[in-house]
Amino acid sequence: MRTIQTTPFTDQRPGTSGLRKKTRYFMQPHYLENFVQAVFNALRKPEGFGGDTLVVGGDGRYHNRAAVQTIIRMAEANGFGRLLIGKGGILSTPAASAVIRRHRALGGLILSASHNPGGLDADFGIKYNVSNGGPAPEAVTERIYQESLKLTNYSTSEHPDFNIDEEHSELFGETEIVIIDPLVDYTSVMEALFDFSALAKLFQGGFRMVFDAMSAVTGPYAQHILEALLGAPAGTVINGTPLEDFGGHHPDPNQVHAKELVGKLSSSDAPDFGAACDGDGDRNLILGRNFFVTPGDSLAIIAEHAQICIPGYSAGLAGAARSMPTSTAVDRVAAALGVKCYETPTGWKFFGNLMDANLCTVCGEESFGTGSNHVREKDGLWAVLCWLSVLAKTGKSVEEVAKDHWRRFGRSYYQRHDYEGLETAPATAMVDALREKLATLNGVAIAGSRISHADDFSYTDPVDGSVSSKQGLRILFDDGSRIVCRLSGTGTEGATLRVYLERYLQDDGGKVVAEVLEPLNVAAQQLLELRERLGREEPTVIT
Ligand code: VG1
Ligand code: CO
């Protein structure tokens, strides 16, 4: 073991989902090592880690492999009993969660900046997941950050690079290093939930889909499950080989970045169903022929059909949950099912306690994240299998399923507007200024309705009582409309403002979304003084 002297970096506080920085910044001497040591110090127990398993894997982006080697050396020096490492350093985020749970690991280090672009000149990231398989809760990330601020040294060991490309097990000092097939645990979890033979029949009947892996980590998972096990024709999965720079694309599965897929679904020869996942495989995009399902509707529709269409949920749902900015569509389904719907801050880490306490079964976010208590991460391919199950069972098209849902529940017309590449100081000042104004907004008439309540969202975890404040400004209207504003916590450059617009109408869902939301869009821009403060009139991305 070697002890290396180091000095703290002051910027290692994890954001919405782990620590994300520019790749080159991550590659500077000691940067990754300091963070990993801070994680280990935050977890340290009197008896050491000799009885513990640590899971390691990532989305395959640039620097993933080198980071795995660094972590192996440090985990050995810090006394871990066993390391489970995805072959090639690969584990999708939901697969890592499954491995942690099934092998009763202490936790896992996931190397990913998720939907952020990858490459030497793009982004890298790392996050720690706890023993339930979910992202570390805020109390833990805060402890990691405090440890990072007082580091004086880290422990590592000298050893040439390990072979991480073949499944095997070897002993390094007292540490057992096991290279595992990254597909096995995840596939077992899916097989336990879904009726694979019913889904295979769907494909046998000529059902056609295109799955866009966006040159990211879900390629091998989708090829294995959709093509090899369910018998979808070869070529169903496109961009299926994970690349270190995701082919230069932005692996964010929305209509803007998944252009190729959107094009296929709107062509004259369009398949029945289209889907895509993000860099680390936890997000999903759901498309029908010429039809986009918003993530909020997708969550609601999955919750509506789970018990009837998916064997894993035949006992019904214990409850549902969504992040605060996510549309309220799932709330109406939960009410119809007679179960509670919880409203949490943005970020998957807030769902873990609810699922551990069996308060909710399915949950989701507007940012193309949907999942359930089968793991403790959002899960892109799971959402795809849910939709396939709904389509197989009902025999309907994606569009028919969505329209039936609107006819029954009404529709939350919804959009997120991102204003990217803002300067941090004026963007923060703008949000601060609106926060100051919130108390005076009650009763104000704007956007054709009246503001009934405005606050900065604060969440008290119903399980452990922990409080998370300043989680986003929300302006609620008396007709059920909402404007929500917050700054992104996953970016690596400048600031991104997210404005979420929602208007609920009890209609058949046939109106044009942008037209329904325009008054709210104008009101949000005015309240924020976007043009005056930042010179912006148009968002960079609308999802
Ligand atoms: C974004 C999304 C949030 C999601 C997070 C991580 O965070 O809005 O809903 O949980 O990304 O997703 P922010 O702070 O930038 O709005 V992923 O796929 O990066 O793990
Ligand atoms: Co992701």
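Side notes on the structure shown:
- Those residues of region 10-27 which are away from ligand 1 (no atom under 16 Å from the Cβ) and open to solvent by 60 Å² or more (accessible area, probe 1.4 Å), in sequence order: T10, R24, Y25, M27
- Per the conditions (1) more than 27 Å from the chain's Cα centre (by Cα); (2) farther than 30 Å from Y459 by Cβ, the sole criterion not satisfied by I179 is (1).
- Leading residue by the ranking (farthest from G489 (Cα to Cα)) among those in region 1-32 that are of a type in the set (G, A, S) and in contact with a Phe, Trp or Tyr (Cβ under 8 Å, 6 or more places away or on another chain): G18
Residues are listed down the side, and each one gets a yes or a no for (1) of a type in the set (F, W, Y); (2) away from ligand 1 (no atom under 16 Å from the Cβ); (3) in contact (Cβ under 8 Å) with a residue 40 or more places away in the chain; (4) open to solvent by less than 30 Å² (accessible area, probe 1.4 Å):
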residue	(1), (2), (3), (4)
L359	no, yes, yes, no
T370	no, no, yes, yes
V375	no, no, yes, yes
L381	no, no, yes, yes
K393	no, yes, yes, no
E399	no, yes, yes, no
W406	yes, yes, yes, yes
R416	no, no, yes, yes
Y419	yes, no, yes, yes
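- Within region 270-288, restricting attention to residues that are out of contact with any Gly (no Cβ under 7 Å at 6 or more places or on another chain) and of a type outside the set (A, V, I, L, M, F, W, C), the residue that is nearest to ligand 2 (Cβ to nearest atom) is D280.
- Flag for R376 being closer than 23 Å to A222 by Cα, touching a strand residue (DSSP E or B) at 6+ places or on another chain (Cβ under 8 Å), of a type in the set (K, R) and modelled with pLDDT of 95 or more: yes
- Restricting attention to region 129-162, the residues that are open to solvent by 70 Å² or more (accessible area, probe 1.4 Å), under 30 Å from the mean Cα position of the chain (by Cα) and within 11 Å of A38 (Cα to Cα) add up to 2.
- If you filter region 9-26 down to residues that are of a type in the set (F, W, Y) and part of a helix (DSSP H, G or I), you find that the one that is nearest to ligand 2 (Cβ to nearest atom) is F26.
- Count of region 126-135 residues which are within 13 Å of ligand 1 (Cβ to nearest atom) and over 11 Å from K21 (Cα atoms): 4
- Which listed residue, of A402, A357, A383, is within 16 Å of ligand 2 (Cβ to nearest atom), at negative phi and hydrophobic (A, V, I, L, M, F, W, C): A383
- When the residues of region 314-351 are filtered to those that are open to solvent by less than 10 Å² (accessible area, probe 1.4 Å) and out of contact with any strand residue (DSSP E or B) (no Cβ under 6 Å at 6 or more places or on another chain), the one that is nearest to ligand 1 (Cβ to nearest atom) is G347.
- All of D461, D479, D455 fail the test of being farther than 24 Å from T344 by Cβ, surrounded by 13 or more Cβ atoms within 10 Å (Cβ to Cβ) and of a type outside the set (A, V, I, L, M, F, W, C), apart from D479.
- Qualifying positions in region 164-175 - farther than 21 Å from A95 by Cα, open to solvent by less than 70 Å² (accessible area, probe 1.4 Å) and in contact with a strand residue (DSSP E or B) (Cβ under 9 Å, 6 or more places away or on another chain): E170, F172, T175
- Looking across region 467-496, the residues that are over 21 Å from Y414 (Cα atoms) and of a type in the set (S, T, Y) come down to S468, S469, T490, T492.
- Every pair of residues 6+ apart whose Cβ atoms lie under 9 Å, when the first sits in region 266-279 and is without any contact (Cβ under 8 Å) to a residue 60 or more places away in the chain and hydroxyl-bearing (S, T, Y) while the second is part of a loop (DSSP other than H, G, I, E, B) and open to solvent by 10 Å² or more (accessible area, probe 1.4 Å): S266/R289; S266/N290
- Per-region count, region 483-529, residues within 16 Å of ligand 2 (Cβ to nearest atom) and surrounded by fewer than 13 Cβ atoms within 10 Å (Cβ to Cβ): 0
- Criterion applied to D245, D252 was being closer than 26 Å to L111 by Cβ and away from ligand 1 (no atom under 16 Å from the Cβ), and the one residue passing it is D245.
- Taken across region 169-179, residues that are in contact with a Phe, Trp or Tyr (Cβ under 6 Å, 6 or more places away or on another chain), among the β-branched types (V, I, T) and over 30 Å from T16 (Cα atoms) do occur, with at least one present.
- With respect to the conditions (1) surrounded by fewer than 18 Cβ atoms within 10 Å (Cβ to Cβ); (2) within 16 Å of ligand 2 (Cβ to nearest atom), T440 falls short on a single one, namely (2).
- Qualifying residue in region 48-62 (condition: farther than 29 Å from A383 by Cβ, crowded, with 21+ Cβ neighbours inside 10 Å and hydrophobic (A, V, I, L, M, F, W, C)): no
- Count - residues of region 488-528 that are of a type in the set (K, R) and assigned to a loop (DSSP other than H, G, I, E, B): 1
- Hits in region 90-125 - residues which are within 12 Å of ligand 1 (Cβ to nearest atom), among the aliphatic types (A, V, I, L, M) and over 23 Å from G51 (Cα atoms): A113
- Scope region 203-225; condition touching a helix residue (DSSP H, G or I) at 6+ places or on another chain (Cβ under 9 Å), in contact (Cβ under 8 Å) with a residue 40 or more places away in the chain, on the phi < 0 side of the Ramachandran plot and not acidic (D, E); matching residues: F207, M209, V210, F211, A213, A216, V217, T218, Y221, A222, H224, I225
- Of all residues in region 90-113, those satisfying the criterion of being among the small types (G, A, S), more than 13 Å from D379 (Cβ to Cβ) and under 16 Å from the mean Cα position of the chain (by Cα) are S112, A113.
- Selection of strands (runs of 3 or more DSSP E) fully inside region 249-300 by the criterion of at least 2 residues being open to solvent by less than 10 Å² (accessible area, probe 1.4 Å) and within 23 Å of N116 (Cα to Cα) returns 273-277, 284-288.
The values are calculated or read from the model by the stated rules, or taken from the named source; none is laboratory data. Computed from a predicted structure; not experimentally measured. So basically every Cβ, Gly included, is an ideal-geometry build from the backbone, and we count neighbours across all protein chains shown. Note: accessible area is taken over every heavy atom of the protein model, side chains too, but ligands, DNA and RNA are not part of it. Shrake-Rupley method; radii C 1.70, N 1.55, O 1.52, S 1.80 Å.
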